[in-house]
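Have a look at the structure below before the remarks.
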Amino acid sequence: MKSRAVASIAPRLVATVAVSAAVVFGATGCTFITHQATTNAYPASDGVNVETTGGPVEVRNAMVIATDDGSAGNLVAAFINPTDTDADLTIGVAGDELVIPVPAGESISLGANEDPLLIENLDVMPGATVEIYFSSGEAGSTNEIPVLDGTLEYYTDLVPDVAE
C-alpha cells in the first residue's frame, strides 16, 4: 500500500511544479520580448529632436517661441557635438542662414546657457510649424519645428522683445 501512496503524490508534485512555473513565466515572461519605452530617445519638452544633420552635431528639443502675431520668434534648442572634433552647424530659416560653431565634446543650449536665435521675418503664427534647415555635414535636413508663444509661464522670458 505504501508504493501506491507514493505513486499518487508524484503526479501531483509534477503538476504543482508545472503550474507554478507557468504562472512565474507567464507573469514575468513579457519583459523578455516587450520593447522597453525607456530606451527611446524623445524630446522632454514641447520641441522636437532633429533626426539627422548629415554630420556630427545633434539637435535636440528644437522649438520657436514667437510673438503673438507670429512676426518674430526665438529659436530655442540644444546642439550637441559628441565627437572629438569641432564642427559647425548651419541653420537656415526664413531666408536667412547662420553658422554656429559647436566645440568638440560640448553642447550649446540656446535659451538656457546661450541667447536664443532671433528670427526676425518669421511670419508663422504660434500653434503652427516652421521649416528649418539644419546641417553639420555634407547633407542636412529640413524639419518642421513647432512654433509656440509665451502662454506658458516658463516660455514668457523667451518671447522676443520686438519694438513695433
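The values are calculated or read from the model by the stated rules, or taken from the named source; none is laboratory data. Everything numeric here is computed off the predicted structure, so don't read it as measured data. Every residue, glycine as well, gets a Cβ built from its backbone with ideal geometry; the counts of neighbours run over all protein chains shown. The protein model used for the area step is the full one, side chains on, heavy atoms only, and it has no ligands, DNA or RNA in it. Shrake-Rupley method; radii C 1.70, N 1.55, O 1.52, S 1.80 Å.
Things worth noting here:
- Residue list for segment 138-164, restricted to those being outside any loop (DSSP other than H, G, I, E, B) and touching a helix residue (DSSP H, G or I) at 6+ places or on another chain (Cβ under 8 Å): Leu148
- Of all residue pairs spaced 6 or more apart or on separate chains, those with beta-carbon atoms under 6 Å, a first member in segment 43-69 that is without any contact (Cβ under 8 Å) to a residue 24 or more places away in the chain and a second member that is aliphatic (A, V, I, L, M) and open to solvent by 10 Å² or more (accessible area, probe 1.4 Å) are Arg60/Ala78; Asn61/Ala78.
- Asp88 fulfils the conditions (1) under 22 Å from the mean Cα position of the chain (by Cα); (2) in contact (Cβ under 8 Å) with a residue 24 or more places away in the chain; (3) more than 16 Å from Val59 (Cβ to Cβ) except for a single criterion, (3).
- Extreme residue, least open to solvent (accessible area, probe 1.4 Å), among residues of segment 105-164 that are within 14 Å of Ala94 (Cα to Cα) and of a type in the set (D, E, K, R): Glu144
- The condition of being in contact with a Ser or Thr (Cβ under 7 Å, 6 or more places away or on another chain), farther than 13 Å from Val64 by Cα and touching a residue at least 24 places away in the same chain (Cβ under 8 Å) holds for only one of Ile80, Ile108, Ile145, that being Ile80.
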